[in-house]
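This report refers to the structure that appears directly beneath it.
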Amino acid sequence: MTDGTEPTSLNARRRARDLDHLSGAPRVDLLVIGGGVTGTGVALDAASRGLSVVLVEKHDLAFGTSRWSSKLVHGGLRYLATGQVSVAYESAVERGILIERTAPHLIRALPNVFPLLPSLDAKGAAMIRAGYLAGDLLRAAAGTSRHTLPRSRRLSRAEVRGYAPTVREAGLRGGLVFWDGQLVDDVRLVVALARTAAGHGARVLTRCSAVEAGGQGALLRDELTGATFELDAAAVVNATGVWAGTLADGVAMRPSRGTHLVFSQRSFGGLNGMNGLTAALTVPIPGESSRFVFALPAAGGRVYVGLTDEEVSGEIPDVPTASEGEIDFLLDTINSALRVPLTRADVVGTFSGLRPLLDRGGARTADLSREHVVLTGGDGMVTVVGGKLTTYRRMAQDAVDAALAAARARGRRMRAGPVRTRALPLVGAASRAALAAVQAPPAMIGRYGTEAVDVVAGAGGDRTLLEPIAPGVDTTMADLLFAVRHEGALDVDDLLDRRTRIGLSAADRASALPAAEEALARAAG
């Protein structure tokens, strides 16, 4: 795979071809509006059932909430603590599907370490241990192997420090560990979903917005040229997340902002050959029974500390930003577990996302249910909101089922096969044994799975294209060229802020910008 003409390839050439086809006024089975994890999941579910599908996204894949998650594929322990057993079980089931079947190349088992410090008494520690044991039962009930996600257990003081070298030592009584799933990056999952859907015939169009939409189609606009055209569809799914209410009447959203701070691993002991933080360090929020702040090791020698839950009112921004209060809150909370406090000088960046919560009343957004909701409007348009990144597949399945029912109610029947996504591997997926045999740099295998060999091949034998494009980053020119030729990247923002996450650090972004511009020029040439 080197020339960008394969069925799963997304690029400017394919986009132009698909737009030209659609402007000829064809009819399609399903129009999906929104290119986040839910929208791309809907497109894959429908296309793999044999439906003709068009997905449109005003900006880029994973432009909104889907790129601002904690990158966790979690089994829903928090929901057990709040009595939402069905939500917790659904999370555990979907986590197992992702980590063992559909995307094992993008997800690794992550230890979650809870240090037992003086601020937590014996009763509190017993409650945490009971919760972890319940998580073990949930994992087993979902059918996920303990070889994939080991059982929880008690840790010694030395083991806690091994996972988290900078943890506070005074009064440390050891710790507890529970295993969950972690994505190498959330955008990688969205791009893989979109490309897999494209491989099943879906037309995936970024920089294409729905000016007006209803249950039987939409007026679409090419955001690059301004050209508009009508698209007739038997069914329409609104998967625009926090913006769902702008397309669907009667849908009231109550978004909340979740903020993370970005640190270098140096701030967590990763210096002079030391690994730094290798587990999710879990710190309870004072006064809360089921909310925590996490320090999460991330790709590229970074650590993310999050997250918050702040209600957002007024106009919804395209790119949310962290408030001063959130930064202080996260620093204060994580510092309660660290030997040497972090300061603002240690923060290399921040990112914030908006949770697409349906307004159901309640005093706080933190208390609103994370269960997804599928609504069918009076005009037949289906809207899917709520949920979590981990459960995107089930959300997509329910949305497509609702779209099929809405079409039948209007006398427009579509021939749809059975649901296939429970076992349908995404591009690059393979067993862990097969991934271990791939002849490519480990960092590339973690990003692309079996396609890592194609990324290397795209360098055409030029070894300089496999070298880091800037100091302190592991992205190569071969990565950038692959993103343009096969992953739908159209400009430097797509390359630096989404296909890679270099842009989370302003300094790294500035140093990598010339390489991104060069990659676009090379691909165009």
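The values are calculated or read from the model by the stated rules, or taken from the named source; none is laboratory data. In this text, all values refer to a predicted model and were calculated from it rather than measured experimentally. Ideal geometry is used to build each Cβ from the backbone, glycine not excepted, and the neighbour counts take in all protein chains shown.
Inspect all residues belonging to the stretch 122-131 and state whether any of them is free of Cβ contacts under 8 Å to residues at least 24 places away in the same chain, closer than 30 Å to Ala407 by Cβ and surrounded by fewer than 22 Cβ atoms within 10 Å (Cβ to Cβ). Within the stretch 122-131, none of the residues are free of Cβ contacts under 8 Å to residues at least 24 places away in the same chain, closer than 30 Å to Ala407 by Cβ and surrounded by fewer than 22 Cβ atoms within 10 Å (Cβ to Cβ). The single condition from (1) surrounded by fewer than 22 Cβ atoms within 10 Å (Cβ to Cβ); (2) at pLDDT 95 or above; (3) on the phi > 0 side of the Ramachandran plot; (4) not hydroxyl-bearing (Ser, Thr, Tyr) that Gly4 fails is (2). The numbered conditions (1) within 26 Å of the chain's Cα centre (by Cα); (2) without any contact (Cβ under 8 Å) to a residue 40 or more places away in the chain; (3) over 30 Å from Leu51 (Cα atoms) are all true for Gly386 except (3). Can Ala510 be described as assigned to a helix (DSSP H, G or I), at pLDDT 95 or above and closer than 19 Å to Ser9 by Cα? Here the answer is no, as Ala510 does not meet what is asked. When you look at Gly314, is it out of contact with any Leu (no Cβ under 8 Å at 6 or more places or on another chain), assigned to a loop (DSSP other than H, G, I, E, B) and surrounded by 14 or more Cβ atoms within 10 Å (Cβ to Cβ), yes or no? No.
Only one entry of Ala366, Ala396, Ala406, Ala402 meets the criterion of being of a type in the set (A, V, I, L, M), surrounded by fewer than 22 Cβ atoms within 10 Å (Cβ to Cβ), in a helix (DSSP H, G or I) and at pLDDT 95 or above, and that entry is Ala402. Filtering the stretch 257-294 to residues that are under 21 Å from Asp508 (Cα atoms), part of a strand (DSSP E or B) and not β-branched (Val, Ile, Thr) leaves His260, Leu261, Phe263, Ser264.
Remark: pairs (first residue in the stretch 272-284, modelled with pLDDT of 95 or more; second residue of a type in the set (A, V, I, L, M) and part of a loop (DSSP other than H, G, I, E, B); Cβ separation under 8 Å; 6+ apart in sequence or on different chains) = Leu277/Ala164; Thr278/Ala164; Ala279/Ala164; Leu281/Ala164; Leu281/Ala337; Val283/Ala337.
Can you find a residue in the stretch 431-447 that is closer than 23 Å to Gly39 by Cβ and either over 18 Å from the mean Cα position of the chain (by Cα) or not charged (D, E, K, R) (or both)? Within the stretch 431-447, none of the residues are closer than 23 Å to Gly39 by Cβ and either over 18 Å from the mean Cα position of the chain (by Cα) or not charged (D, E, K, R) (or both).
Taking the criterion of being under 19 Å from Leu496 (Cβ atoms), in a helix (DSSP H, G or I) and out of contact with any Lys or Arg (no Cβ under 9 Å at 6 or more places or on another chain), the only residue of the stretch 39-86 that qualifies is Ser66. Which is surrounded by fewer than 21 Cβ atoms within 10 Å (Cβ to Cβ), charged (D, E, K, R) and within 17 Å of Leu176 (Cα to Cα), of Arg291, Arg266? Exactly one residue qualifies, and that residue is Arg291. Being assigned to a loop (DSSP other than H, G, I, E, B) and touching a Leu at 6+ places or on another chain (Cβ under 7 Å) is a property that does not hold for Pro297. Counting only residues that are charged (D, E, K, R) and in contact with a Leu (Cβ under 8 Å, 6 or more places away or on another chain), the stretch 24-82 holds 4 of them.
Of all positions in the stretch 232-255, none carries a residue that is touching a Cys at 6+ places or on another chain (Cβ under 8 Å), assigned to a strand (DSSP E or B) and not assigned by TED's automatic domain parsing to the domain that holds Arg168.
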